[in-house]
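Asks: Before we start, here is the structure in question, set down as structure tokens.
Where a number appears in this text, it was derived from the coordinates with a stated rule and is not lab data. Given the structure is predicted, the values throughout are model-derived calculations rather than measurements. Reconstructed Cβ throughout: ideal geometry from the backbone, glycine too, with neighbour counts over all protein chains shown.
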Amino acid sequence: MTPERVEALHRVFTATVELAVAHRPSMSLDTDLLYFAAAESVGDPTAAAAWTPHIAGRIDEHAVPATHQQLTGPQALDVLGPALARHLLAADTATA
């Protein structure tokens, strides 16, 4: 990793963060949201609740006994997988 490469990565990261912070969605989505929250962020107003102004439907939040960094690990997926399967099955049933 060269100093130039580190500088380039930093520039891209900084620009991406600035874009994310400045973004304001123009409309509310008429859909439900399935949200998986790391146990450390359950109840955090920046978690699922932050989606409320952007989602016209129901927000279904699932607490996962893991840190944010562990959300794609095997133990977290043991929680996410069945919850996602139930959600998809319910959606299929509702549209059939």
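Asks: Would you mind calculating the gained length between H10 and D30 on full extension (0.36 nm times residue separation, minus the Cα-Cα distance), in nm to one decimal?
Replies: 3.6 nm
Asks: While we're here: Over the chain, what is the mean sequence separation of C-alpha contacts under 8 Å (at least six apart), divided by residue count, expressed as relative contact order in percent?
Replies: Normalised by residue count, the contact order of the chain is 25 percent.
Asks: Extending each Cα 7 Å along its Cβ direction at A83 and A20, get the distance between those two points in nm, one decimal.
Replies: 2.0 nm
Asks: So what J values fall out for the stretch 13-29 if you push phi through Karplus, 6.51 cos²θ - 1.76 cosθ + 1.60 with θ = phi - 60°, rounded to Hz, Gly and Pro as x?
Replies: 4, 4, 5, 5, 4, 4, 5, 5, 5, 7, 5, 10, x, 8, 8, 8, 7
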